[in-house]
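Below is one structure, written out as structure tokens; comments come after it.
The values are calculated or read from the model by the stated rules, or taken from the named source; none is laboratory data. On a predicted model such as this, the values are computed, not experimentally measured, just so you know. Virtual Cβ from ideal backbone geometry, glycine too; neighbours counted across all protein chains shown. Accessible surface is based on the protein model in full, side chains and every heavy atom, while ligands, DNA and RNA are left aside. Shrake-Rupley method; radii C 1.70, N 1.55, O 1.52, S 1.80 Å.
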Amino acid sequence: MDIIEELKKINASQQAQIEEFIRQNQILTEQVKYLRNKLYGHSSEKSIDDGQTSLFDDASNGVFEDPESTGEQIEIVTVRKKKRQSQKAKITKNLPIKEELIELAEHNCHNCGNAYQIFKRLIGDKFHLQPAQAYIVCRYQEVGKCQHCSEDVNYDGDQFVSATVPQSFIIHGP
């Protein structure tokens, strides 16, 4: 008989636990419903019909349907923002420009001996200041291409040769 009494006690405690879980489940369900309504429900800004016409509901009440006509044409003016000029452009705008050419070490192809076809490539501008004068030096680098080797079928594409540029004082500077 002890077993039956013990099973009845266990059954009663489990029933109490089940009832507690059901009560907690109801509370949590109500909380979820409340929070979901707060998050996704209607806001407190409700329109109250107190006889006042709405300025924003044009279709239903006819307020502000036609623009005010004064007899004058409306002129549309587009304003474009002026591009900001950089500090470098402001400083160097009126300075004289000198050109400097960095030449190839050799003007003949090392494969066939023919003369290179010469191009110029702008490397960059360098601000130069002497005590009595200031000017800009535009640095160009000679780039050569052998026309004879480019037409040869044994070579794959054009091969360009560039003059060696002296290293700048500033990293990534001209």
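Data table
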| quantity | calculated |
| --- | --- |
| Region 84-101: number of residues that are closer than 13 Å to VAL165 by Cα and exposed (fewer than 10 other Cβ atoms within 10 Å of the Cβ) | 0 |
| Elements of type strands (runs of 3 or more DSSP E) in region 102-174, at least 1 residues being modelled with pLDDT of 75 or more, more than 28 Å from LYS88 (Cα to Cα) and open to solvent by 100 Å² or more (accessible area, probe 1.4 Å) | 160-162 |
| Residue match in region 72-83 (condition: surrounded by 10 or more Cβ atoms within 10 Å (Cβ to Cβ), at pLDDT below 70 and either over 30 Å from TYR135 (Cα atoms) or touching a Pro at 6+ places or on another chain (Cβ under 9 Å) (or both)) | no |
